[in-house]
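Below: one structure, written as structure tokens.
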Amino acid sequence: MKSAKKTAAIHDISGIGKCSLTAIIPVMSAMGIQVCPVPTAVLSAHTGYSSFVMKDLTDFIGKALENYKTLGTSFDCIYSGFLASADQIEHCADFFDAYPGALKVVDPVMGDNGKRYKTITDELCTKIKMLVKKADLITPNLTEAALLLDEDCPVNGLRANELKSWLVRLSQLSENTRYIVITGAQTSDGKIWSAGYDRTTDGFWRVGSSYVPMQYSGCGDLFTAVLVGGLMSEDSLPIALDRAAHFTGLAIKTTYSYGISKNDGILFEPQLAWLNNYSELGNFEPI
């Protein structure tokens, strides 16, 4: 019997809000990938709610790695997301070093809408930049891409040639990095794109997104989970990019149609079957 590919997902978990591990696990599981959660923190609700309680699990991450080594566990992917402290970043780097053959993914959770998150200090920002250098794939949003490049976040978006330049510059942060994907990249013509660069093939790709006048928690987590699942299933970058954008867009429009609160996250569960029965791909285009 064929065993499922395994990814160690180093991320936080929130009880309500449909983000982080509560979004990643069902999506990647639906794609036939076993998710082994390595929680960095447990929250009653994500930080967008008016109140929440949080348990920091920094001490657990290193112990989990040592136990996996003892058990002889192998991983096909190490996928890092929200990291709350410099120590957590060091533990994540240890995971990367322990599994050199795994696909190494860094979703550099640092900010959005032109601003850093309140938990991201200067020290943490610097450490995340160091972690990015170990990655095969990084998936910043436009704000995070600007932070990684020490640029101001463009208020009026980027022109197509500027978007390509940013993708190349991000790839040059490390010789290890093959794939760069910038999510939610607004261009100067007002369109919203997810744009990717495969340094091995020197290919630039983008997929457009329909505008919905609401921002929901967990969109980036859903997108990256599908993207990573696609690459682990041997999709090319444009196919994985297209699948991630289509699934996320479909779930967002469904959520908006029901008038669900932005903090309550995306109504993605009805769309899970689409992940293995998709027939509407082909919306990607070269840049």
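The values are calculated or read from the model by the stated rules, or taken from the named source; none is laboratory data. Because the structure is predicted, anything quoted here is derived from the model rather than measured. Note that each Cβ is placed from the backbone with ideal geometry, even for glycine, and that neighbours are counted across all protein chains shown.
Residues considered: GLY230, GLY184. Of these, the only one that is more than 21 Å from LEU148 (Cβ to Cβ), surrounded by fewer than 24 Cβ atoms within 10 Å (Cβ to Cβ) and of a type outside the set (Phe, Trp, Tyr) is GLY230.
Just to be sure before I move on: is GLY220 in contact (Cβ under 8 Å) with a residue 60 or more places away in the chain and not in a helix (DSSP H, G or I) in the structure I sent?
Values: in contact (Cβ under 8 Å) with a residue 60 or more places away in the chain: yes; not in a helix (DSSP H, G or I): no.
Against the criterion (in contact (Cβ under 8 Å) with a residue 60 or more places away in the chain and not in a helix (DSSP H, G or I)), GLY220 does not qualify.
For segment 129-168, give me the residue count where each residue is within 23 Å of MET232 (Cβ to Cβ) and of a type outside the set (D, E, K, R). First the steps, then the outcome.
Going residue by residue through segment 129-168, those that are within 23 Å of MET232 (Cβ to Cβ) are 131-141, 144, 167.
From what's left, of a type outside the set (D, E, K, R): 131-132, 135, 137-141, 167.
The qualifying residues number 9.
Could you say whether any residue in segment 202-211 is loosely packed, with under 14 Cβ neighbours inside 10 Å and within 26 Å of GLY48 (Cα to Cα)? Yes, the conditions are met somewhere in segment 202-211.
Here's a check for you: in segment 14-40, which residue that is in contact with a Phe, Trp or Tyr (Cβ under 8 Å, 6 or more places away or on another chain) and part of a loop (DSSP other than H, G, I, E, B) is nearest to LEU227 (Cα to Cα)? Per the criteria, the residue is LYS18.
Only one entry in ASP59, ASP94 is surrounded by fewer than 16 Cβ atoms within 10 Å (Cβ to Cβ) and without any contact (Cβ under 8 Å) to a residue 12 or more places away in the chain, namely ASP59. When TYR99, TYR49 are screened for being closer than 22 Å to GLU175 by Cβ, among the aromatic types (Phe, Trp, Tyr) and either crowded, with 16+ Cβ neighbours inside 10 Å or touching a residue at least 60 places away in the same chain (Cβ under 8 Å) (or both), only TYR99 passes. Flag not set for TYR216, criterion: surrounded by fewer than 16 Cβ atoms within 10 Å (Cβ to Cβ) and among the hydroxyl-bearing types (Ser, Thr, Tyr). Would it be correct to say that ALA64 is at pLDDT 95 or above and more than 16 Å from THR119 (Cβ to Cβ)? Against the criterion (at pLDDT 95 or above and more than 16 Å from THR119 (Cβ to Cβ)), ALA64 qualifies. Exactly one residue out of GLY208, GLY220, GLY229, GLY203 is within 14 Å of the chain's Cα centre (by Cα) and more than 24 Å from TYR117 (Cβ to Cβ), and it is GLY229. Among the residues of segment 152-161, is any surrounded by fewer than 20 Cβ atoms within 10 Å (Cβ to Cβ) and in a helix (DSSP H, G or I)? Yes, some residue in segment 152-161 is surrounded by fewer than 20 Cβ atoms within 10 Å (Cβ to Cβ) and in a helix (DSSP H, G or I).
Looking at LEU167, LEU137, LEU142, just one residue is of a type outside the set (Ser, Thr, Tyr) and more than 17 Å from ALA240 (Cβ to Cβ), and that residue is LEU142.
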